[in-house]
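Okay, so here's the structure we're looking at.
The values are calculated or read from the model by the stated rules, or taken from the named source; none is laboratory data. Everything numeric here is computed off the predicted structure, so don't read it as measured data. With ideal geometry, Cβ positions are generated from the backbone for all residues, glycine too; neighbour counts draw on all protein chains shown. These area figures cover heavy atoms from the full protein model, side chains too; ligands, DNA and RNA do not enter into them. Shrake-Rupley method; radii C 1.70, N 1.55, O 1.52, S 1.80 Å.
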Amino acid sequence: MHTPMTMQALEITETNGNFILTDHVVTQPKSGQVLVKVIASGINPLDLKIRAGQAAHAKQPFPAVLGIDMAGEIISIGPDVSNFKVSDLVYGMTGGVAGQQGSLAQYQVADARLLAKAPTNISLLQAAAMPLVVITAWEGLVDRAKVAAGHKVLVQGGAGGVGHVVIQLAKAFGAEVFATAAAKDADYIRSLGAIYIDYQSTSVEQYLEELTDNEGFDIIYNTIGGVSLDQAFQSVKSYTGHVVSCLGWGTHSIAPLSFKAATYSGVFTLMPLLTGKSREHHGKILSQASLLTEQGLLNVRLDPQQFDFGSIEQAYHKAASATNIGKVVVTVSKA
């Protein structure tokens with residue numbers, strides 16, 4: 001009689017509950033799926049919100065294995081998967097929402113459409129930091145705003161997880177990039193090739209005049225929401241300007257945008273995971289991101305502190321307290 005393969009996973013059973021190490025049976029991949037040995041799991045702000053019961057839109061019921069971002073090695077392939085093979089190193093935004101098992105587990109069955117081969121010049125630990133922030137940045141900047149050479153792009157929150165990726169993508173596409181951030185992040189913003197704007201000491205009117213001759217920016221990517229999104233509506237170029245936000249969930253007056261005859265797009269990166277639609281687009285984005293990473297044009301910031309299952313609480317605490325410098329990633333298995 002065949003003994004089913006088992007694995008360990010970190011599970012929470014209630015809002016703000018402790019992580020409990022549990023044994024699970026490893027399921028085998030079905031059509032279009034692959035079984036991945038998880039090497040690393042990235043922690044996103046959304047993971048924190050799901051644990052705290054503050055992300056109803058993620059639809060993740062308890063008990064739950066969290067972890068949206070994953071990097072690992074394919075160990076088994078289901079029917080109808082032709083673009084991957086056993087031993088391929090892959091990464092993706094693969095679960096942790098909509099009742100789907102997340103990446104805080106030794107193994108994960110993943111929809112192959114969500115995956116791409118990991119960049120060959122970085123570790124899988126760093127690859128696990130990439131999926132959500134890269135896809136969110138790409139969908140707004142490339143898919144919605146159609147960034148191109150010659151555009152003036154303003155990134156609101158340029159030192160954040162999504163923001164620092166937007167800067168690098170905009171530069172890779174030939175745009176001139178400006179970014180708001182706190183003074184402590186000024187040197188980092190400049191190291192990415194963007195012109196730094198101190199939003200705490202410089203008014204919108206000042207930087208519009210100094211940097212755009214009051215014409216406004218061609219593209220504004222807002223990663224913060226709130227008042228900053230209202231400021232984006234005031235700062236975008238008339239007629240051809242486009243504002244994108246990945247946190248446009250509040251109540252805002254669109255009059256300033258309308259009077260400029262400019263346009264707006266929202267980004268909701270979870271949609272393919274929640275609906276099952278357009279999942280292959282996530283895989284295509286990450287394939288492009290792998291190429292840019294291998295060309296030295298994209299480098300997602302990784303917090304240097306190391307975490308594993310035994311220090312998962314410390315990892316979540318660090319991410320929640322915003323004391324991290326770059327994405328917090330948890331090592332799940334040895335590569």
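Determine the pairs where a residue that is touching a residue at least 24 places away in the same chain (Cβ under 8 Å), located within the stretch 20-34, has a partner that is aromatic (Phe, Trp, Tyr) and surrounded by 15 or more Cβ atoms within 10 Å (Cβ to Cβ) with Cβ atoms under 7 Å apart, the partner being 6 or more residues away or on another chain.
LEU21/PHE309; VAL26/TYR107; VAL34/PHE84
Give me the pairs, please: first residue somewhere in the stretch 151-180 and on the phi > 0 side of the Ramachandran plot, second residue anywhere and at pLDDT 95 or above and surrounded by fewer than 24 Cβ atoms within 10 Å (Cβ to Cβ), beta-carbon distance under 6 Å, and either six or more positions apart or on two chains.
GLY174/ALA149
Taking GLY99 and the conditions (1) crowded, with 24+ Cβ neighbours inside 10 Å; (2) closer than 24 Å to ILE312 by Cα, which numbered condition does it fall short on, given that it satisfies the others?
Every listed condition holds for GLY99 apart from (1).
When you go through VAL90, VAL109 one by one, which is the residue that is in contact with a Leu (Cβ under 9 Å, 6 or more places away or on another chain), at pLDDT 95 or above, open to solvent by less than 10 Å² (accessible area, probe 1.4 Å) and farther than 28 Å from ASN222 by Cβ?
One residue alone meets the criteria, VAL90.
Of all residues in the stretch 58-82, which are among the polar types (S, T, N, Q) and modelled with pLDDT of 95 or more?
Correct list: SER76 only.
Checking the structure you have, find out if any residue of the stretch 74-83 is open to solvent by 50 Å² or more (accessible area, probe 1.4 Å), within 19 Å of the chain's Cα centre (by Cα) and in contact (Cβ under 8 Å) with a residue 24 or more places away in the chain.
Scanning the stretch 74-83 turns up no residue that is open to solvent by 50 Å² or more (accessible area, probe 1.4 Å), within 19 Å of the chain's Cα centre (by Cα) and in contact (Cβ under 8 Å) with a residue 24 or more places away in the chain.
What are the residues in the stretch 37-56 that are in contact with a helix residue (DSSP H, G or I) (Cβ under 6 Å, 6 or more places away or on another chain), closer than 21 Å to PHE309 by Cβ and open to solvent by less than 20 Å² (accessible area, probe 1.4 Å), if any?
ILE39, ALA40, ILE43, ASN44, ILE50
Does the stretch 281-313 hold any residues that are open to solvent by 60 Å² or more (accessible area, probe 1.4 Å), within 29 Å of GLN8 (Cα to Cα) and either touching a residue at least 12 places away in the same chain (Cβ under 8 Å) or assigned to a loop (DSSP other than H, G, I, E, B) (or both), and which are they?
Listed by number, the residues that qualify are ARG301, PRO304, GLN305, GLN306, ASP308, GLU313.
Counting only residues that are without any contact (Cβ under 8 Å) to a residue 60 or more places away in the chain and β-branched (Val, Ile, Thr), which one in the stretch 191-234 is nearest to LYS152 (Cα to Cα)?
Looking at residues that are without any contact (Cβ under 8 Å) to a residue 60 or more places away in the chain and β-branched (Val, Ile, Thr), I get ILE195.
Filter the stretch 30-67 for residues that are closer than 23 Å to ILE122 by Cβ and part of a loop (DSSP other than H, G, I, E, B) and give the result.
ASN44, GLY67
Here is a check on your reading of the model: is LYS59 open to solvent by 30 Å² or more (accessible area, probe 1.4 Å) and under 26 Å from ALA335 (Cα atoms)?
No.
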